[in-house]
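Everything below concerns the one structure shown next.
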Amino acid sequence: MGSQDILVVDDEVGIRELLSEILQDEGYSVAVAENAEAARKLRNQAQPRLVLLDIWMPDTDGVTLLKEWARNGQLTMPVVMMSGHATIDTAVEATRIGALDFLEKPIGLQKLLATVKRALSQPVEATKPLPTLARLGEAEVVRELNRVLDTARGQASPVLLVGAPGVGFEICARYLAAPNQPFVAPLSNEDIAVAPLELVNKATGGTLFLRDIAYLDRRAQAGLRTLLGKLDKQKVRLVSASSKPLDQLAGQLDPELLNALSQLIVPVPRLKDHREDIARLAENLLAETVATNKLGPRRFSQAALQLLAQQEWPGNLDELANVVKSLALTSRDGDIDITPVSRILSQFAPGGESIVALPQAAPPPLPMLDLALPLREARDQFEKYYLERHIELSGGNMSRVAEKIGLERTHLYRKLKSLGIQMPKKNRPASES
């Protein structure tokens, strides 16, 4: 799908069709979405110049979606909100978040066309994203990290972020930083060793971020000791990161220095600890690369996303970002399938072997199907094997099974019951307990 002038988002099919017809008659190209999920995909794929966004939708309301785009730096186009029964407070909130205008339903023809013309005639700058951990994911371990950092925000003590390389230390540090205040992150030991007080002055009233103290040499450690005493006076928040655990740091850093840096310790999870986030993170990174480089529409196929989600990612988020960027820049418009993904992942494998799955024991072979069975019985036989295998792979987590195979949980439970498959006790509906 190429670039579109206008994206219309409304759960009422009649309104979508009416607005689309009117705008197409005026010469605009139009894409339509019936809910927030479809709107997210079309916003990334169609790159609209304007979005007409309904406030009341069944899955995610329009204000929440607008807030999500603003938070992720994706509010790069004007958005006009639409509603038949929104309050003044709702309209004010939408405007504060970044909406350009508000149209009340039923929408008059002249009002619609005048608003669209005004929206498309003005230059739009990307909205500065609000501090967020959305770039790390949405899994429970990320939400827990979010809660810990929220608590740390209210403290003045230096914070030490600890985790594997590439987990997103700077994202966490920027989340801790005060908005609209200096954020200083020296790139080398030399910067810390030669001009430590200059760093403090630059960061006055804001945050000084040390990217990885696991690699501080003796000169940089000396410079760091010099600036520590100046932080309170300059009202500078110190946030450090370490790609090595504390027991290893103890052998490399001066004990007093390490103690000063680690008054608040925050572990940051590895990407493989929230594997369920990988597919969405990959899609977001792809959309971001496409938009930044003004590429044609590109999407990952479902098979490609599954392959990405299966990898170990020792380089974590940084490694995923590099892989996705490489795929975006070297692929053609349309679907990015499993072949180019496997090819680039093979460069990260020992000996450059082609990667098609995690280096685990091979799954059990598919049992022989009795081809003499009627179609319905043969299908049941396959579905029973298929579902039992997914339950095994998920460790009995039925929410993960439902998400993986694309079924609602209630539908999944009915299917399991009809096939005589036993669910883990902790996942059984209350009525069956």
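Every read-out reported here was derived from the displayed coordinates using simple, explicitly stated rules and does not represent laboratory data. These numbers were taken from a predicted model, which means no experiment stands behind them. Cβ coordinates were reconstructed from backbone atoms using ideal geometry, including for glycine residues, and neighbour counts include every protein chain displayed.
The table that follows gives values for the structure above.
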read-out: Highest to lowest packing among 411-421, 8-18, scored as the average C-beta count within 10 Å; value: 8-18, 411-421
read-out: Label-point separation, Ala222 to Asn322 (7 Å along Cα→Cβ), nm; value: 3.3 nm
read-out: Sum of -39500 (n - 2.57) over DSSP H runs of 4+, divided by residues of the chain (222 nm, nearest 500); value: -14000 deg cm²/dmol
read-out: Spatial extent of the chain: Rg and Dmax, with the Cα atoms as the point set, Å; value: 25.9, 83
read-out: For the chain, with +1 on Lys and Arg beta carbons and -1 on Asp and Glu, the positive-most of Leu145, Leu320, Ala185 along the dipole; value: Ala185
read-out: Sites matching GluC sites (Glu not before Pro) across the stretch 137-231 that sit in DSSP coil, with at most 16 neighbouring C-beta atoms within 10 Å; value: Glu138
read-out: Residue pairs, from the table Lys41/Lys415; Lys67/Lys117; Lys41/Lys117, whose Cα atoms sit over 28 Å apart; value: Lys41/Lys415
read-out: Electrostatic dipole magnitude of the stretch 103-230 [Cβ: Lys, Arg +1; Asp, Glu -1; Cα centre; debye, to 20]; value: 440 debye
read-out: Of Asn284, Asn201, Asn397, the one that fluctuates the most in a GNM where the chain has Cα springs shorter than 10 Å; value: Asn397
read-out: Descending semi-axes in whole angstrom, ellipsoid equivalent of the stretch 80-206, from the Cα gyration tensor; value: 42, 20, 14
read-out: Distant-in-sequence amide H partners of Val8 (H built 1.01 Å from N, under 5 Å); value: Ala31, Val32, Ala33, Leu52
read-out: Residue (of Thr115, Val92, Leu160) at the positive-pole extreme of the stretch 91-220, dipole from beta-carbon charges; value: Thr115
read-out: Binned Cα-Cα distances of the stretch 189-252, short to long, each 10 Å bin given as a whole percent; value: 23, 53, 23, 1
read-out: Phi to ³J(HN,Hα) by Karplus 6.51 cos²θ - 1.76 cosθ + 1.60 over the stretch 316-327, Hz, x for Gly, Pro; value: 6, 4, 4, 5, 4, 4, 5, 5, 5, 4, 4, 5
read-out: Choice from Gly396, Gly163, Gly223 with maximal GNM fluctuation in the chain (Cα, 10 Å cutoff); value: Gly396
read-out: Neighbour net charge for Gln310 - beta-carbon separation under 13 angstrom, K R +1, D E -1; value: +1
read-out: Computed magnitude of the charge dipole of the chain (debye, nearest 20; Cβ of K, R +1, Cβ of D, E -1); value: 800 debye
read-out: Convex hull of Cα atoms in the stretch 273-324, direction-averaged projection (nm²); value: 3.5 nm²
read-out: Highest-MSF residue in the chain out of Pro106, Pro179, Pro245 [GNM, Cα springs under 10 Å]; value: Pro106
read-out: Sites Thr151 and Gln252 - FRET efficiency at Förster radius 22 Å, r taken between beta-carbons, to 0.05; value: 0.20
read-out: Cα gyration tensor category, rounded, prolate or oblate, for the stretch 133-201 with a/c compared to 1.5; value: prolate
read-out: 3J(HN,Hα) from dihedral phi, the stretch 192-198, Karplus parametrisation 6.51/-1.76/1.60, rounded to Hz, x for glycine, proline; value: 6, 6, 7, 9, x, 5, 5
read-out: Amide H within-cut-off set for Arg237, under 5 Å, with H built and near neighbours excluded; value: Gly206, Thr207, Leu208
read-out: Spherically averaged projected area of the stretch 26-77 from its Cα convex hull (nm²); value: 3.6 nm²
read-out: Point-charge dipole on Cβ atoms (K/R +1, D/E -1) for the stretch 1-68, about Cα centre, debye to 20; value: 420 debye
read-out: ³J(HN,Hα) computed for each position of the stretch 16-32 - Karplus, 6.51 cos²θ - 1.76 cosθ + 1.60, integer Hz, glycine/proline x; value: 4, 5, 5, 4, 4, 5, 4, 5, 5, 4, 8, x, 8, 8, 9, 10, 10
read-out: Alpha-carbon Rg/Rh ratio, for the stretch 1-123, with Rh computed the Kirkwood way; value: 0.91
read-out: 5 angstrom amide H check on Arg299, placed H, neighbours 5+ away; value: Gly334, Asp335, Ile336
